[in-house]
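J.: First the structure, which I've put down as structure tokens, then a few questions once you've had a look.
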Amino acid sequence: GSTLDTAAAESNRYFGTAIAVSRLSSDSTYSTIAAREFNMVTAENEMKMDATEPNQGQFNYSSGDRLVSWARQNGMQVRGHALAWHSQQPGWMQNMSGTALRNAMLNHVTQVATHFKGQIYAWDVVNEAFADGSSGARRDSNLQRTGNDWIEAAFRAARAADPNAKLCYNDYNTDNWNHAKTQAVYNMVKDFKARGVPIDCVGFQAHFNSGNPVPSNYHTTLQNFADLGVDVQITELDIEGSGSSQADQYKGVIQACMAVSRCTGVTVWGVRDSDSWRASGTPLLFDSYGNKKAAYTSVLGQL
Ligand code: XIL
């Protein structure tokens with residue numbers, strides 16, 4: 001294949017990008033590259049809790065629906081992101097607690113997954129629920145304070161609403177096998193599989209930089225999770241840097257995925273460097289003019 005999506009498809013994988021829906025109609029360089037290179041899209045913000053339920057019980061799917069229809073027109077699939085998260089909650093939810101919050105979260109999961117039923121390849125059901133550092137503990141949040149079982153409750157609600165979507169747990173800093181956070185997520189997934197909690201996949205955000213480089217044991221991490229009986233996916237890849245050093249790091253990530261049969265796809269978190277959420281830097285595969293970078297060539301060569 002001469003594009004990322006066709007090359008990935010040769011091994012039955014997908015290659016995706018995060019999409020800012022407003023740019024699809026306002027920026028033809030952006031939409032042209034996105035349609036040409038990718039066969040999976042994630043809404044960068046438009047399916048998050050604050051976007052889809054701005055007022056309690058009042059749902060807004062307009063931007064999410066635009067992305068789904070654009071994807072369908074272009075023969076692409078959609079990753080749903082994210083049903084439950086401590087961040088980007090609507091204001092009304094941020095100060096809720098206890099049973100009221102638990103019920104509001106479950107209703108949100110049910111309503112949003114039902115609205116998009118049949119149109120989502122995989123949902124990030126729960127995003128970023130573990131703490132950084134050496135504790136291996138859950139992250140403190142209003143959702144966590146409703147009880148340790150909030151994650152499995154969210155997964156059960158999502159399964160009931162859209163039985164055909166793969167259901168993923170998604171997090172960052174879970175790439176290095178030796179990190180406490182990685183072990184903690186691994187143990188949760190192992191427990192879920194043992195108890196029949198519906199989970200199908202684990203997403204690795206993979207936001208890398210010089211302080212958080214691609215670990216040399218990345219393949220081990222992906223394989224160990226896959227061996228629990230779940231798919232693994234690289235869900236938000238970006239790597240700060242430039243030139244051949246950046247290209248080599250991208251190569252390492254793609255090689256790790258390609259070496260794990262249950263690594264079903266890779267998503268980069270944006271199209272051009274100028275589209276990146278990162279405040280500075282050049283972490284993506286296309287430069288700000290839409291030209292292919294060395295990192296692009298390096299990725300394509302590994303697929
Ligand atoms: C980011 C978006 O890219 C930004 O536009 C937004 O302002 C903040 O969120 N982890 C995630 C993503 O799971 O949803 C985040 O996306 C990046 C970190």
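J.: In the stretch 203-234, what count of residues is obtained for those that are within 16 Å of the ligand (Cβ to nearest atom), of a type outside the set (A, V, I, L, M, F, W, C) and touching a residue at least 12 places away in the same chain (Cβ under 8 Å)?
T.: Looking only at that region, the number is 6.
J.: Checking the condition aliphatic (A, V, I, L, M), crowded, with 22+ Cβ neighbours inside 10 Å and closer than 19 Å to His179 by Cα, which residue from Ala295, Ala226, Ala256 passes?
T.: Ala256
J.: Counting just the residues of the stretch 235-253 that are surrounded by fewer than 24 Cβ atoms within 10 Å (Cβ to Cβ) and free of Cβ contacts under 8 Å to residues at least 40 places away in the same chain, which one comes out nearest to the ligand (Cβ to nearest atom)?
T.: Looking at the filtered set, the residue picked out is Gly252.
J.: Could you identify the single residue in Asp200, Asp149, Asp140, Asp162 that is farther than 28 Å from Asn95 by Cα, more than 15 Å from the chain's Cα centre (by Cα) and away from the ligand (no atom under 16 Å from the Cβ)?
T.: Asp162 is the lone residue from the list that is farther than 28 Å from Asn95 by Cα, more than 15 Å from the chain's Cα centre (by Cα) and away from the ligand (no atom under 16 Å from the Cβ).
J.: Any idea which of (1) in contact with a Lys or Arg (Cβ under 8 Å, 6 or more places away or on another chain); (2) at pLDDT below 95 is the one Asn212 doesn't satisfy?
T.: With respect to (1) in contact with a Lys or Arg (Cβ under 8 Å, 6 or more places away or on another chain); (2) at pLDDT below 95, Asn212 is out only on (1).
J.: Let me ask something else about it. State whether one or more residues within the stretch 288-303 are of a type outside the set (A, V, I, L, M, F, W, C) and within 16 Å of the ligand (Cβ to nearest atom).
T.: Scanning the stretch 288-303, I find no residue that is of a type outside the set (A, V, I, L, M, F, W, C) and within 16 Å of the ligand (Cβ to nearest atom), so the answer is no.
J.: With the requirement that a residue be buried (at least 18 other Cβ atoms within 10 Å of the Cβ), away from the ligand (no atom under 15 Å from the Cβ) and without any contact (Cβ under 8 Å) to a residue 60 or more places away in the chain, what does the stretch 118-130 give you?
T.: Gln119, Ile120
J.: Let me ask another. Take Gly270 and decide whether it is buried (at least 19 other Cβ atoms within 10 Å of the Cβ), within 14 Å of the ligand (Cβ to nearest atom) and assigned to a loop (DSSP other than H, G, I, E, B).
T.: So Gly270 fits the description; yes.
The values are calculated or read from the model by the stated rules, or taken from the named source; none is laboratory data. In this text the structure is predicted, and so the values were computed from the model without any measurement. Virtual Cβ from ideal backbone geometry, glycine too; neighbours counted across all protein chains shown.
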